[in-house]
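*Asks:* Please find one structure pasted underneath; my questions will follow.
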Amino acid sequence: GDSSVAANNQIIRLFHALIEVGAPWDVATSVFVSGSVGSADFNGAEAVCSLYETAGRAVCSWVKKAIAPAYEDRVRNVGPELMSSADPKKGGKKQKGGIPAGNFSLLPKPIIEKTTLPVSTTLGELSSTLASPLSAVVTSGAIRRDPRLYCMLCRLIKTLVPEGGVDESTYTFLRTFLVPCMSLFPSNPSISTELWSILAKLPYQIRYGFYGSSRLAGLEKGAIRTSPRAKALPIIEAEVDTGIDVRYTLKRLSKENIKDMGRQLSKISHSNPIVVFTTILN
């Protein structure tokens with residue numbers, strides 16, 4: 001289980017502790033280099049997030065703290081306004097959201113500033129800073145336990161996407177993170193709505209490039225047979241589950257139940273529309 005893995009491995013515990021206190025990503029991941037774990041291709045953070053669910057959640061929290069200043073400045077967050085206590089009889093003081101990420105950190109202020117994105121960040125800076133931690137939570141599937149993080153990233157990226165297109169590095173970041181991640185949140189229309197709010201701002205050539213890259217990497221079990229494998233195993237698992245559901249629904253489809261089965265297909269297609277449409281057309 002989770003606890004036994006952490007209790008028997010000091011490197012995992014040290015990585016988890018560094019992430020919990022908000023250490024810079026390169027400092028937290030340096031424990032794998034100093035520990036000489038695995039080969040040169042070994043990604044310690046991805047392995048730990050896969051083996052240790054608590055570490056995966058901690059990395060998701062680390063990313064949320066990193067984007068908090070830029071998110072609070074660029075995206076209006078009504079949550080703190082609705083949840084704040086402003087009842088004078090109870091002596092409550094209204095809180096105006098926007099607590100800095102490092103207010104409760106044990107680290108010095110210069111290190112805190114190094115781990116958070118500035119308010120004036122650009123999409124290129126965001127993609128280069130978060131590429132490695134997001135790769136860890138996507139490859140391990142840890143982000144599926146934190147849909148709020150995905151929505152926050154979508155809303156922030158929406159404010160940063162320039163009109164007319166993106167550069168190559170940003171395109172790669174969006175192609176390898178945003179679009180594949182949607183598969184990890186089954187039957188959640190709000191996730192696809194948040195993603196579409198970004199894709200709608202991009203030229204159709206770029207949008208279809210995202211869709212095409214997903215198909216070229218293979219769908220369902222076909223993605224395992226591609227070399228090198230371009231999709232994370234949790235994403236392949238989600239595609240396989242979607243394929244099973246859609247084929248089962250299509251077998252039960254008849255003239256009498258077409259409305260009910262149509263609703264079921266729509267529900268399934270929220271997370272994996274390409275798998276659903278490909279299965280129907282085939």
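*Asks:* Under 16 Å from the mean Cα position of the chain (by Cα), part of a helix (DSSP H, G or I) and free of Cβ contacts under 8 Å to residues at least 40 places away in the same chain: does that describe residue 198? Outline the logic, then answer.
*Replies:* On the way: under 16 Å from the mean Cα position of the chain (by Cα): yes; part of a helix (DSSP H, G or I): yes; free of Cβ contacts under 8 Å to residues at least 40 places away in the same chain: no.
No.
*Asks:* Quick test of your reading of the structure: residue 240 fulfils all but one of (1) under 16 Å from residue 141 (Cβ atoms); (2) touching a Lys or Arg at 6+ places or on another chain (Cβ under 6 Å). Name the failing condition by number.
*Replies:* (2)
Matching residues to (1) out of contact with any Ser or Thr (no Cβ under 8 Å at 6 or more places or on another chain); (2) in a loop (DSSP other than H, G, I, E, B); (3) under 18 Å from residue 179 (Cβ atoms):
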| residue | (1), (2), (3) |
| --- | --- |
| 238 | no, no, yes |
| 246 | no, no, no |
| 250 | no, no, no |
| 253 | yes, yes, no |
| 256 | yes, yes, no |
| 260 | yes, no, no |
| 265 | no, no, no |
| 275 | no, no, yes |
| 278 | yes, no, yes |
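*Asks:* Enumerate the pairs (first residue in segment 216-231 and open to solvent by less than 80 Å² (accessible area, probe 1.4 Å); second residue anywhere and in a loop (DSSP other than H, G, I, E, B) and of a type in the set (S, T, N, Q)) with beta-carbon separation below 8 Å, excluding pairs fewer than 6 apart on the same chain, so at least 6 apart or on different chains.
*Replies:* Taking only residues 6 or more apart or on different chains, the pairs are 217/226; 218/226.
One line per residue, one yes/no per condition, for (1) part of a helix (DSSP H, G or I); (2) touching a His at 6+ places or on another chain (Cβ under 8 Å):
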position	(1), (2)
172	yes, no
183	yes, no
186	no, yes
192	yes, yes
206	yes, no
211	yes, no
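*Asks:* Okay, next question. Any idea which of (1) closer than 23 Å to residue 69 by Cα; (2) open to solvent by 30 Å² or more (accessible area, probe 1.4 Å) is the one residue 170 doesn't satisfy?
*Replies:* The failed condition is (2).
*Asks:* Quick one: in segment 130-140, of everything that is open to solvent by less than 20 Å² (accessible area, probe 1.4 Å) and either more than 9 Å from the chain's Cα centre (by Cα) or without any contact (Cβ under 8 Å) to a residue 12 or more places away in the chain (or both), which residue is farthest from residue 16 (Cα to Cα)?
*Replies:* Within segment 130-140, the subset open to solvent by less than 20 Å² (accessible area, probe 1.4 Å) is 130, 133-134, 136-138, 140.
After this cut, where a residue has to be either more than 9 Å from the chain's Cα centre (by Cα) or without any contact (Cβ under 8 Å) to a residue 12 or more places away in the chain (or both) as well, the list is 130, 133, 136, 140.
Numbers: 130: 18, 133: 13, 136: 13, 140: 15 Å.
Only one residue tops the list, namely 130.
*Asks:* Say we look at segment 193-215 and pick out the residues that are within 18 Å of residue 176 (Cβ to Cβ) and among the small types (Gly, Ala, Ser); which of these is surrounded by the fewest Cβ atoms within 10 Å (Cβ to Cβ)?
*Replies:* Ranking the qualifying residues of segment 193-215, first place goes to 212.
*Asks:* For residue 143, state whether it is surrounded by 15 or more Cβ atoms within 10 Å (Cβ to Cβ), of a type outside the set (Phe, Trp, Tyr) and either farther than 19 Å from residue 46 by Cα or modelled with pLDDT under 90 (or both). Walk me through how you get there before you give the answer.
*Replies:* Details: surrounded by 15 or more Cβ atoms within 10 Å (Cβ to Cβ): yes; of a type outside the set (Phe, Trp, Tyr): yes; either farther than 19 Å from residue 46 by Cα or modelled with pLDDT under 90 (or both): no.
Here the answer is no, as residue 143 does not meet what is asked.
*Asks:* Check every one of the helices (runs of 4 or more DSSP H) wholly within segment 1-88 and list those with 3 or more residues that are farther than 19 Å from residue 130 by Cα and either modelled with pLDDT of 90 or more or in contact with a Gly (Cβ under 9 Å, 6 or more places away or on another chain) (or both).
*Replies:* Values: elements: 2-7, 10-20, 25-34, 44-51, 53-74, 79-83.
Filter on segment 1-88 gives 10-20, 79-83.
The values are calculated or read from the model by the stated rules, or taken from the named source; none is laboratory data. Since the model is a prediction, treat every value here as computed from it, not as a measurement. Reconstructed Cβ throughout: ideal geometry from the backbone, glycine too, with neighbour counts over all protein chains shown. To get the accessible areas, we keep the full protein, side chains included, count just its heavy atoms, and leave off ligands, DNA and RNA. Shrake-Rupley method; radii C 1.70, N 1.55, O 1.52, S 1.80 Å.
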